């Protein structure tokens with residue numbers, strides 16, 4: 001495993017990076033709030049406010065951590081690499097549309113019409129799942145400097161196999177965190193209908209896991225040996 005790159009930016013460029021990070025985060029949160037509150041038709045939706053604030057806090061924490069400890073990772077995750085797989089672009093487009101649909105449907109269901117409200121026990125379960133997902137996602141980011149937004153072999157960054165931390169248990173721990181999160185968000189927002197697009201995202205990421213794993217086994221040196229040692233892709237002892 002190669003240690004994350006140190007932060008070699010100057011104070012002025014680092015300040016600019018923090019400013020850009022905060023602007024991007026603000027734009028994302030405003031977009032998410034719009035997708036939730038406009039369909040809901042009201043602003044007194046406590047679950048949605050709690051969700052937006054929680055996501056904002058987590059992303060701000062991760063972004064500031066990455067700028068300080070692993071700027072190469074956050075740079076990688078902010079772009080589409082030159083050799084990103086064409087099939088992954090299709091998957092990411094479908095994921096974006098499903099995510100938008102999930103938030104809009106949650107707004108219509110839990111925020112406005114109350115078609116299929118999740119009971120308080122399931123909402124609490126959703127928050128527990130979101131906390132678990134956040135832990136797994138950050139743990140994964142903290143040990144894998146090559147974590148990318150797209151599926152590609154990062155030969156420009158000297159990519160190597162990572163086999164420590166959560167990677168000692170499963171080969172794609174980030175996708176474990178994402179799948180749990182996509183099932184948790186509808187519950188914590190109080191919408192059972194939103195589980196439909198959330199579940200579709202899970203199925204999409206199972207497909208992406210299989211395709212990415214095949215790519216890594218064929219193109220990343222040492223990954224095939226690692227896959228023989230760590231048998232499961234997402235769920236320990238299952239798959």
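The values are calculated or read from the model by the stated rules, or taken from the named source; none is laboratory data. Note that this is a predicted model, so its numbers are computed, not measured. So basically every Cβ, Gly included, is an ideal-geometry build from the backbone, and we count neighbours across all protein chains shown.
What do you reckon, is residue 12 part of a loop (DSSP other than H, G, I, E, B), at negative phi and modelled with pLDDT under 95?
Considered against the rule, which asks whether it is part of a loop (DSSP other than H, G, I, E, B), at negative phi and modelled with pLDDT under 95, residue 12 comes out as no.
Those residues that are under 23 Å from residue 24 (Cα atoms) and either without any contact (Cβ under 8 Å) to a residue 24 or more places away in the chain or in contact with a strand residue (DSSP E or B) (Cβ under 6 Å, 6 or more places away or on another chain) (or both), I need them from the range 91-112; list them, please.
93, 96, 97
Inspect the range 174-194 for any residue being out of contact with any strand residue (DSSP E or B) (no Cβ under 6 Å at 6 or more places or on another chain), in a helix (DSSP H, G or I) and modelled with pLDDT under 95 and give the result as yes or no.
No, because not a single residue in the range 174-194 is out of contact with any strand residue (DSSP E or B) (no Cβ under 6 Å at 6 or more places or on another chain), in a helix (DSSP H, G or I) and modelled with pLDDT under 95.
When you go through (1) under 18 Å from the mean Cα position of the chain (by Cα); (2) over 15 Å from residue 17 (Cα atoms); (3) loosely packed, with under 15 Cβ neighbours inside 10 Å one by one for residue 51, which number turns out not to apply?
(3)
When the residues of the range 165-190 are filtered to those that are over 16 Å from the mean Cα position of the chain (by Cα) and over 15 Å from residue 237 (Cβ atoms), which remaining residue is surrounded by the fewest Cβ atoms within 10 Å (Cβ to Cβ)?
165
Filter the range 33-50 down to residues that are in a helix (DSSP H, G or I) and touching a helix residue (DSSP H, G or I) at 6+ places or on another chain (Cβ under 6 Å), then give me how many there are.
7
This table checks each residue for (1) part of a helix (DSSP H, G or I); (2) crowded, with 17+ Cβ neighbours inside 10 Å; (3) in contact with a helix residue (DSSP H, G or I) (Cβ under 8 Å, 6 or more places away or on another chain).
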{"residue": "101", "(1), (2), (3)": "yes, yes, yes"}
{"residue": "106", "(1), (2), (3)": "yes, yes, yes"}
{"residue": "109", "(1), (2), (3)": "yes, yes, no"}
{"residue": "112", "(1), (2), (3)": "yes, no, yes"}
{"residue": "121", "(1), (2), (3)": "yes, no, no"}
{"residue": "134", "(1), (2), (3)": "yes, yes, yes"}
{"residue": "138", "(1), (2), (3)": "yes, no, yes"}
{"residue": "151", "(1), (2), (3)": "no, yes, yes"}
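List, please: which pairs have Cβ atoms under 6 Å, are six or more places apart or on different chains, and start with a residue in the range 11-36 that is over 21 Å from residue 49 (Cβ atoms) and end with one that is modelled with pLDDT of 70 or more and assigned to a helix (DSSP H, G or I)?
Every condition considered, the pairs that remain are 17/67; 21/63.
From the list 179, 209, 215, which residue is farther than 30 Å from residue 120 by Cβ, in contact (Cβ under 8 Å) with a residue 24 or more places away in the chain and in contact with a helix residue (DSSP H, G or I) (Cβ under 6 Å, 6 or more places away or on another chain)?
Of the residues listed, the single one that is farther than 30 Å from residue 120 by Cβ, in contact (Cβ under 8 Å) with a residue 24 or more places away in the chain and in contact with a helix residue (DSSP H, G or I) (Cβ under 6 Å, 6 or more places away or on another chain) is 209.
Which pairs do you get when a residue that is more than 12 Å from residue 184 (Cβ to Cβ), found in the range 115-144, comes within reach of a residue that is part of a helix (DSSP H, G or I) and modelled with pLDDT under 95, reach meaning Cβ atoms under 7 angstrom, with the pair 6+ apart or on two chains?
So the pair list comes out as 141/73.
Given the residues 21, 59, 67, which is the only one that is modelled with pLDDT under 90, surrounded by 12 or more Cβ atoms within 10 Å (Cβ to Cβ) and in a helix (DSSP H, G or I)?
21
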